[in-house]
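> Following this message is one structure expressed as structure tokens.
Computed from the coordinates by the stated procedures, all read-outs in this text should not be read as laboratory data. In this text, all values refer to a predicted model and were calculated from it rather than measured experimentally. Here the Cβ is made from the backbone with ideal geometry for all residues, glycine too, and neighbour counts use every protein chain on show.
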Amino acid sequence: MFAEFLQFLFSGITLGATYALVGLGFSIIYNASHVINFAQGEFVMLGGMGTVFFLGLGLPMPIAILAAIALTTLFGFGLEKLAIAPARGASVVTLIIITIGASIVMRGLAQVFWGKEFHAVPAFSGDEPINIAGATILPQSLWVLGVTVLLVFALRYFFDKTMMGKAIIATSLNRDAALLMGINVKLVLFISFGLSAALGAIAGILVAPITLTNFEAGIMLGLKGFCAAILGGLGNGMGAVAGGMIVGIAEAMGAGYWVSEYKDAVAFILILLVLFFKPSGLFGKTGTERV
Amino acid sequence: MMMNLKSAKTGGILVLCAVIAILPAFLSNAFQYEIAILIGFNAIVCIGLNLLIGYGGQISLGHGAFVGLGAYGSAILTMNQGWDPLLSMVIAAIFTGILAFVIARPILKLKGHYLAMATLGMGIIISIVINTEDQLTGGPDGMYVDGLSFMATQIYWYWLVGALLVFSVWASLNLIHSPIGRALRAVHGSEVAAEVVGVDTTQYKVLIFVVSAVFASIVGSFGVYYSNFVTPDIAGFFHSIELVVMVVFGGMASTFGAVIGAAILTTLPQFLTFLHDYEHLVFGLILMLTMIFLPKGLVPSIAGLLKKGDK
């Protein structure tokens, strides 16, 4: 009984950590630019598929991973420089459509260069399951959790202590005031997209050994990461992490105790219920509207 | 000013009628008719969606689900229950309308990205249900549906869809220039200001949400009778996105923009098929470039350029 529960919990927090990283990516870009980046899932896909590609070139695993993160970060920079920056001042819906266009382009590129097949990435330290109180956990799940925790702390440090991190927060609070204070808002946007892309890539690389990857692998991950970000309150980084964990655990419990066919629906049912009662997410500020 | 608006409206409808009447002269095979009919179907959904997005300022990333409800409602009632197709269509539309009405209040309280998330979630849940309840819907394989016995040939369908399209444009333009339309535009401009001057914003948002859902449901029903087949893709996330993209591409808050957006984005993939594997890549690039350089969409941007030219 307890072992079963523990088993679902393990798979839930592994999923949750992935959604948390994707959700953080949404939050960072939203904070800097108020854009919801519908290509976030494609960053995740590029991370996984990029690793497959560089491993195929014969590079050792750590180098292949770094190369895949670098490649995805370049796409993040490119998206900001070539598509978001030129469209400054466009309406929110227009910006959303631009990022949807970007996601179609990235999927199209991946399909042209890497085909439609599913690819496997070898687990970082073996496939031997570890036994804990009657339940098992894959070493790769520990990698997912460990790296996520590290990244969350690193990001906290980045936003609290470094100049660039503080500049991003200032820009998200009030763009014009930040500009007047001499903050290079253009650079802030540029860095945010790159950082967000790198986070997405890392999430993609970490889960690829567990779930396999192909050119469409980012779609559902992206949508559930969006759920995580909204659940935690848009723009609230720690909220996105908590949101990701809640979505992941709910999904694993739903699949385990309810019906596995509806596993993908759990995240969305949860988000609708939460939004009906808390329209700004669990930890979002209920802002008053300035007229 | 008023005269101007009215003549623009009548003129636009006349041009649309002329295009529909003359087009068959240029259509030489069944495939081309098929595309024309698909354009008509998509345009009608987009006209309804444009009322919500363009005039109400409320985004919906789940409208494919309403098309899917109409399609599957009709399919299940005619094939599993043996009901009359037209009656099935009406029942499906009423059901969709009631569902939209029930979820409209809690959903439309949300703003901006939260609303986008909620409509997206609603759409995905409906599409997962259609995919999973395979005893009722045939699951991912889809289901076969009998056509309408009196619609013997494709040409009949062409004229039916053409007539429905003209009616939808007319109805949409009338709604926009009615007190309801003015109230909606006030909601889009500033919801708080609209409320202050006494507009019951929630009521109007709910009304337009239900109207656009019913538009979508009816098109879904007709679509399924036309093609005799339906798969869950019709209710999926990508279909929903496609519809929003058509509205924004053609130009928000422009009824004819919605029609032109639907026409271009339905036809474009057919022209790109020669690119084979590169098709999606090029489609995405065209979409991005259009939105970057014409952020208001084709029709309003071009109309703006023409006005500048006048001066």
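> Please report how far the C-alpha centroid of the range A:131-188 lies from that of the range B:146-199, rounded to the nearest whole angstrom.
46
> Mind checking the dipole of the protein assembly as shown: about its Cα centre, +1 per Lys or Arg Cβ, -1 per Asp or Glu Cβ, Debye to the nearest 20?
Computed charge dipole of the protein assembly as shown: roughly 2280 debye.
> Moving on to the next point. May I ask you to list the lysines whose Cα is less than 17 Å away from that of B:K109, ignoring any residue fewer than eight positions away on the same chain?
Within reach: A:K278, A:K285, B:K205.
> So, one more: May I ask for the longest run of chain A untouched by GluC sites (Glu not before Pro) that are loop-located per DSSP and have at most 15 neighbouring C-beta atoms (other than their own) within 10 Å?
Free of exposed loop sites, the longest segment is A:1-116.
> Same structure, new question: Note down the Stokes-Einstein diffusion coefficient of the range B:34-269 in µm²/s, whole number, using a Kirkwood radius over alpha carbon pairs, 20 °C, and 1.002 mPa s.
Result for D is 121 µm²/s.
> Roughly how many nanometres apart are two label points built 7 Å out from the Cα toward the Cβ at B:A163 and B:W83?
Calculated label separation equals 2.3 nm.
> Counting other C-beta atoms within 10 Å, which of A:I210, B:I98 has the fewest, and how do the rest follow?
Least to most surrounded, the residues fall as B:I98, A:I210.
> Could you go through the range A:68-76 in sequence order and give the Karplus-derived ³J(HN,Hα) for each residue, using 6.51 cos²θ - 1.76 cosθ + 1.60 with θ = phi - 60°, rounded to whole Hz, and x for Gly and Pro?
Per residue, the Karplus-derived 3J(HN,Hα) values read 5, 5, 4, 4, 5, 4, 4, 4, x Hz.
> Take a quick pass over the range A:2-277 and tell me how many lysine pairs come in under 27 angstrom between Cα atoms, counting only ones 8 or more apart or on separate chains.
Total qualifying Lys-Lys pairs in the range A:2-277 comes to 9.
> Which distance in nm do the two modelled labels at A:K186 and B:I22 give, with both placed 7 Å along the Cα-to-Cβ direction?
4.7
> Can you grab the distance from the C-alpha centre of the range A:24-61 to the C-alpha centre of the range B:239-302, Å, no decimals?
26
> What is the gain in length, in nm to one decimal, between A:F118 and A:L74 on full extension, counting 0.36 nm per residue of separation less the C-alpha to C-alpha distance?
13.5 nm
> Let me spell out the model: positive unit charges on the Cβ of Lys and Arg, negative unit charges on the Cβ of Asp and Glu, origin at the Cα centre of the range B:34-269. What dipole size does that give, in debye rounded to 20?
Dipole of the range B:34-269, to the nearest 20 debye: 740 debye.
> At most 14 other Cβ atoms within 10 Å plus a DSSP loop assignment makes a site exposed; report the longest stretch of chain A without any exposed trypsin sites (Lys or Arg not before Pro).
The segment A:117-284 is the longest one with no such site.
> Report, in deg cm²/dmol and to the nearest 500, the calculated mean residue ellipticity at 222 nm for chain A, where each DSSP H run with n ≥ 4 adds -39500 (n - 2.57) and the sum is divided by the residue count.
-24500 deg cm²/dmol
> Can you work out the Karplus-derived ³J(HN,Hα) for every residue in the range B:247-260? Use 6.51 cos²θ - 1.76 cosθ + 1.60 with θ = phi - 60°, whole Hz, and x for glycine or proline.
Values, residue by residue: 4, 6, 4, x, x, 5, 6, 9, 4, 5, x, 4, 5, 5 Hz.
> Here is a further query. What is the helix-to-structure angle for A:92-114, meaning the angle in degrees between its Cα long axis and the longest Cα principal axis of chain A, kept from 0 to 90 and rounded to the nearest 10?
Once rounded, one gets 40 degrees.
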